[in-house]
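These notes concern the structure reproduced below.
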Amino acid sequence: MTKTYRQGQILKLIRNKRITTQEEIAHELAKQGIAATQVTLSRDIRDLRLVKTREGYQEMAAEETGPEFALLAAEFLLDVLIAQNLVILKTSPGHANSVAVSLDAERWPGVVGTIAGDDTILVIAPDSATAEAVQEKLLGMLERG
């Protein structure tokens, strides 16, 4: 088990459950077979830029990382196709990676992840119905752009 994996599980926990203490984080991780000391959790919380609020631990607002997805999509997205639970995005050559990174940063519900090539992005959805909803949203962006 790596630090990156452990931190990913911590993020998944705080995004899906109200977690108010480090002890709760440790307990939830232990249920997954991940042991973590209080010192390790403190470092992870700092590294992940988590803040403690009345609603529990939350991620700090992300720092500006680059152009917004809508801007990149309007500029470089050429077509949106669907294949079962997969949405395929065609972009201008050389722009798939930056468009995929900005889509990942948006954290759209229903988008499990993306894989980018040179001019093609594979958007993975959990099921066909969700893929269709993602496709409709993306096509709507193309029509407005």
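The values are calculated or read from the model by the stated rules, or taken from the named source; none is laboratory data. No experiment lies behind these values; they were computed from the predicted model shown. No Cβ is skipped: glycine too gets one built from the backbone with ideal geometry, and neighbour counts run over all protein chains shown. For accessibility, only protein heavy atoms count, side chains too; no ligands or nucleic acids. Shrake-Rupley method; radii C 1.70, N 1.55, O 1.52, S 1.80 Å.
Fully extending the segment from T21 to R49 would add 8.6 nm, taking 0.36 nm per residue of separation and subtracting the current Cα-Cα distance. With a Cα cut-off of under 16 Å and a minimum spacing of 8 residues unless on different chains, the lysine pairs in the chain number 6.
On the chain, 53 percent of the accessible area sits on carbon and sulfur atoms, based on a 1.4 Å probe.
Charge dipole (Cα centre; +1 on Lys/Arg Cβ, -1 on Asp/Glu Cβ; no other charges) of the chain amounts to roughly 780 debye. Solvent-accessible area per residue in the chain equals 61 Å², computed with a 1.4 angstrom probe and all protein chains kept. Dipole of the chain computed with +1 at Lys/Arg Cβ and -1 at Asp/Glu Cβ about the Cα centre; of G33, S128, N16, farthest Cα towards the positive end is G33.
Helix 3-16 and the longest principal axis of the C-alpha atoms of the chain enclose an angle of approximately 80°. Quarter the surface of the alpha carbon convex hull of the chain and you get the mean projected area, 10.0 square nanometres. Residues of the range 92-120 with backbone nitrogen within less than 18 Å of a virtual label 7 Å along the Cα-to-Cβ line of A74, please, listed as ranges. It comes to 92, 99-100, 102-103, 106, nothing else. How far, in degrees from 0 to 90, does helix 96-106 lean away from the longest principal axis of the Cα atoms of the chain, to the nearest 10? So the helix axis and the longest Cα principal axis differ by about 50 degrees.
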